[in-house]
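Engineer: Attaching a single structure in structure tokens format; questions to follow.
Only the coordinates and a few stated rules stand behind these numbers; no lab work does. Bear in mind the structure is a predicted one, so any value in this text is a computation, not a measurement. Because the Cβ atoms are built from the backbone with ideal geometry, glycine has one as well, and the counts that use them run over all protein chains shown.
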Amino acid sequence: MTVAGPTFDLVVAANGLPVERVLDASGEGTWEPSPGGLVSAMESVMEGRKAAWVGWAGESGRAPEPFHQGDLYLRPVGLTSAEIAEYYEGFSNDTLWPIYHDVIVPASFHRNWWNTYRTVNHRFAQVIAEVAAPGATVWVHDYQLQLVPAMLRAIRPDLRIGWFNHIPFPPVELFAQLPWRRALVEGVLGADFLGFQRTADAANFLRVCRRLLGMSTKGDTVTFTPPGDDPARRTVRASALPISVDFQGLSALAATPAVIARAAEIRASLGAPEILLLGVDRLDYTKGIRQRLKAYEELLRDKAIAPPEVTLMQVALPNRERVDAYRFLREEVERTVGRINGEYSVLGSPAIHYLHRSYPREEMAAMFVAADIMLVTPLRDGMNLVAKEYVTCRNDLGGALVLSEFTGAWHELHQAFICNPHDIEGVKLTIMRAINAPEDERRRRMKAMRKRVADNDVQRWSSLYLDSLASAPLKPHRRSRVSDKELREAERANRANLRASDRAAERIGG
Ligand code: ADQ
């Protein structure tokens with residue numbers, strides 16, 4: 001006899017659980033917070049809520065028994081090692097991830113990966129259906145679970161289903177490459193409300209519905225007849241709701257004496273440089289680490305900067321190492337760091353301090369407080385929470401943020417020092433501008449960015465999301481939440497920034 005487990009009015013589903021099992025020295029397993037953007041953002045949102053979280057526990061084989069973590073009920077989904085290879089490493093991270101990130105590396109297409117993706121999405125839908133109370137709200141996250149909304153609706157039409165895409169949604173020309181494009185769109189359209197990071201992502205999605213699938217769109221809604229037995233037309237809203245960070249919590253953590261003392265300790269242990277540059281990324285080819293290192297190396301070669309006065313700390317979070325592109329990236333980054341250090345370090349002061357591991361939140365906050373210049377240079381990034389975490393930690397209004405215009409964060413943080421990571425000369429100039437900017441200019445920029453993040457924190461994001469989901473479907477909204485005006489302002493600010501870089505380039509003959 002199967003005993004029915006508990007059910008919940010709110011269910012979150014994501015590829016991974018918010019915790020992962022870590023083995024201590026005695027071989028005992030403890031559950032620690034999983035690193036990465038989605039969990040960082042959702043952690044504070046879920047605090048104190050009675051809800052279930054459905055996700056893979058990170059190991060192959062049978063799912064561990066469900067368990068509680070505070071008020072959260074964690075319901076693991078089991079994956080075999082073949083499913084991990086085909087659904088997760090394969091279809092999610094070697095097909096969808098490259099297509100959704102401008103094909104920075106080529107995407108691989110395999111029919112068996114797609115079949116496994118469908119099987120695993122169906123398993124997720126079944127598990128969610130078991131833990132969702134009648135009429136519950138289900139919040140599905142990210143590109144790994146795009147078929148779940150429609151599969152879940154077929155099993156449980158009583159549920160209110162939302163989907164949020166943490167990564168960019170590609171232009172129609174790139175999305176069109178996917179042989180399974182129709183099924184993927186029909187999959188997410190099982191939801192009542194779709195959230196995207198940028199206005200451009202929501203617009204790309206609506207364009208795909210219109211141009212590739214011939215659906216009718218108006219404002220931010222799409223109306224269509226779902227496939228299958230139920231011919232009723234449905235209307236779904238697709239809107240931009242940029243994700244954020246827990247401003248209050250993180251800024252309070254960064255203000256603690258322990259974190260401030262640790263920041264001073266970090267600087268001292270790096271040889272007390274005058275200027276500390278910092279990069280913090282999941283080790284992913286979308287993050288522009290190669291381009292950043294190239295710009296840094298050229299600045300050292302040009303003698304614009306040198307250790308021990310200037311040093312770079314690059315923190316790389318280990319990631320997806322069974323996918324070739326990631327293994328190659330790691331090898332290349334580590335080779336480059338070795339070469340730069342061999343060439344430009346001085347005794348006791350390496351040019352780059354490279355750290356390939358995961359750190360607790362307190363240590364991350366201390367690094368942000370310690371760094372004079374934060375380098376965030378992705379080639380494409382849905383949002384980039386590191387940029388928002390950095391400004392949140394700068395209670396002292398110190399520091400400067402160098403930010404790629406290809407991040408979602410750029411649309412909100414226009415007062416950063418903006419760069420195009422493909423333009424190495426431009427990145428070099430932007431780093432030098434950030435280093436040489438007068439203190440009052442830096443403080444002005446930091447103050448404005450902090451206000452923006454404080455006013456639009458992750459708590460606001462989640463309540464806007466859940467409100468939009470609760471009231472969906474709606475009449476079309478002509479404007480999405482990130483207004484055209486804001487977009488125009490960002491573009492204006494960026495153009496001014498680029499003009500300043502161009503003028504500087506002319507001056508030095510670049
Ligand atoms: P990610 O690609 O994982 O997230 P990001 O938004 O920068 O990227 O978040 C990374 C998170 O991991 C940050 O909270 C950061 O502090 C943390 N982190 C980084 N290195 C770490 C380390 N060595 N140890 C511990 N923690 C570390 C995806 C999308 C993004 C989007 C987020 C949220 O790719 O575009 O911003 O989801 O929607």
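Engineer: Determine the calculated [θ] at 222 nm for the chain from helices alone, applying -39500 (n - 2.57) to every DSSP H run no shorter than 4 residues and normalising by the residue count; nearest 500 deg cm²/dmol.
Structural biologist: Values: 17 runs with 205 residues, N = 510.
Roughly -12500 deg cm²/dmol at 222 nm, from the helical runs in the chain.
Engineer: While we're here: Counting just the Cα atoms, what span does the chain cover along each of its three principal axes? Round to the nearest Å and put the largest first.
Structural biologist: Over the chain, Cα extents along the principal axes are 69, 57, 42 Å.
Engineer: Mind checking the log10 I(q)/I(0) for the range 301-394 at q = 0.10, 0.13, 0.20 Å⁻¹? Debye, one equal scatterer per Cα, no solvent, two decimals.
Structural biologist: -0.32, -0.56, -1.24
Engineer: Here's another thing I want to ask about it. Got a sec? How would Glu89, Glu425 order by Cβ neighbour count within 10 Å, fewest to most?
Structural biologist: Values: Glu89 18, Glu425 14.
By the 10 Å Cβ count, ascending: Glu425, Glu89.
Engineer: Which of Ser471, Pro438, Trp180 sits farthest toward the positive end of the charge dipole of the chain, with +1 on the Cβ of Lys and Arg and -1 on the Cβ of Asp and Glu?
Structural biologist: Ser471
Engineer: Answer rounded, prolate or oblate for the range 170-275, using the Cα gyration tensor with square roots of eigenvalues a ≥ b ≥ c: rounded when a/c is under 1.5, else prolate when a/b is larger than b/c, else oblate.
Structural biologist: Numbers: a/c = 4.02, a/b = 2.79, b/c = 1.44.
Prolate shape, in that a/c is at least 1.5 and a/b is the bigger ratio.
Engineer: Taking amide H atoms as placed 1.01 Å from N in the peptide plane, list the residues 5 or more away in sequence, or in a different chain, whose amide H sits under 5 Å from that of Ala132.
Structural biologist: Phe8
Engineer: Can you give me the angle between helix 111-131 and the longest principal axis of the chain, using Cα atoms only, in degrees from 0 to 90, rounded to the nearest 10?
Structural biologist: 70 degrees
Engineer: With contacts defined as alpha carbon pairs under 8 Å and 6 or more residues apart, what's the relative contact order of the chain in percent?
Structural biologist: Numbers: 987 pairs, mean separation 68.6, N = 510.
About 13 percent, as a whole number.
Engineer: Still on this structure: Can you give the convex hull volume per residue for the Cα atoms of the range 1-64, as a whole number of Å³? Don't skip to the answer; put the middle values down first.
Structural biologist: Details: hull volume 8.6 nm³, N = 64.
Given the Cα convex hull of the range 1-64, per-residue volume reads 134 Å³.
Engineer: Could you tell me how many degrees, from 0 to 90 and to the nearest 10, lie between the Cα long axis of helix 484-507 and the main elongation axis, the longest principal axis, of the Cα atoms of the chain?
Structural biologist: 30 degrees
Engineer: Let me ask something additional. Run through all the Cα pairs of the range 323-457 and give the fraction in each 10 Å bin from 0, expressed as whole percent.
Structural biologist: All Cα pairs considered, the percentages come to 11, 35, 39, 14, 1.
Engineer: Quick one: Cα centre-to-centre distance for the range 1-56 and the range 267-342, in angstrom?
Structural biologist: Their Cα centres are 32 Å away from one another.
Engineer: Also, quick follow-up: State log₁₀ I(q)/I(0) for the range 342-422 at q = 0.23, 0.24 Å⁻¹ as given by the Debye formula over alpha-carbon point scatterers of equal weight, solvent excluded.
Structural biologist: -1.13, -1.17
Engineer: Search the structure for amide H atoms under 5 Å from the amide H of Trp56, placed 1.01 Å from N in the peptide plane, and list their residues when 5 or more places away or on another chain.
Structural biologist: The list, which skips near neighbours in sequence, is Gly16, Leu17, Val77.
Engineer: Helix 324-344 versus the longest principal axis of the chain: what is the Cα-based angle in degrees, 0 to 90, to the nearest 10?
Structural biologist: That helix lies at roughly 10 degrees to the long axis.
Engineer: Tell me, Glu86, Glu274, Glu362 in order of fewest to most beta-carbon neighbours within 10 Å? Intermediate values should be presented prior to the final figure.
Structural biologist: On the way: Glu86 23, Glu274 11, Glu362 14.
The fewest-first ordering by Cβ neighbours comes to Glu274, Glu362, Glu86.
Engineer: Additional query: Based only on Cα atoms, what Rg/Rh ratio does the range 8-243 have, Rh being taken as Kirkwood's radius?
Structural biologist: Reported Rg/Rh, Kirkwood definition of Rh: 0.96.
Engineer: Pop out the Kirkwood hydrodynamic radius of the range 64-149 from its pairwise C-alpha distances, inverse of mean 1/r, in Å to one decimal.
Structural biologist: In the range 64-149 this quantity evaluates to 14.3 Å.
Engineer: Rounded to the nearest 0.05, what FRET efficiency do Glu173 and Glu331 give with R0 = 30 Å and r taken as the Cβ-Cβ distance? Could you check? Please list the in-between numbers first.
Structural biologist: Values: r = 32 Å, r/R0 = 1.05.
With R0 = 30 Å, the Cβ-Cβ based efficiency is 0.40.
Engineer: Kindly flag which residue pairs out of Lys294/Lys447; Lys388/Lys428; Lys218/Lys451 have an alpha-carbon separation exceeding 24 Å in this structure. Kindly include the intermediate steps, with their values, before the conclusion.
Structural biologist: On the way: Lys294/Lys447 30 Å; Lys388/Lys428 22 Å; Lys218/Lys451 33 Å.
Beyond 24 Å between Cα atoms: Lys294/Lys447; Lys218/Lys451.
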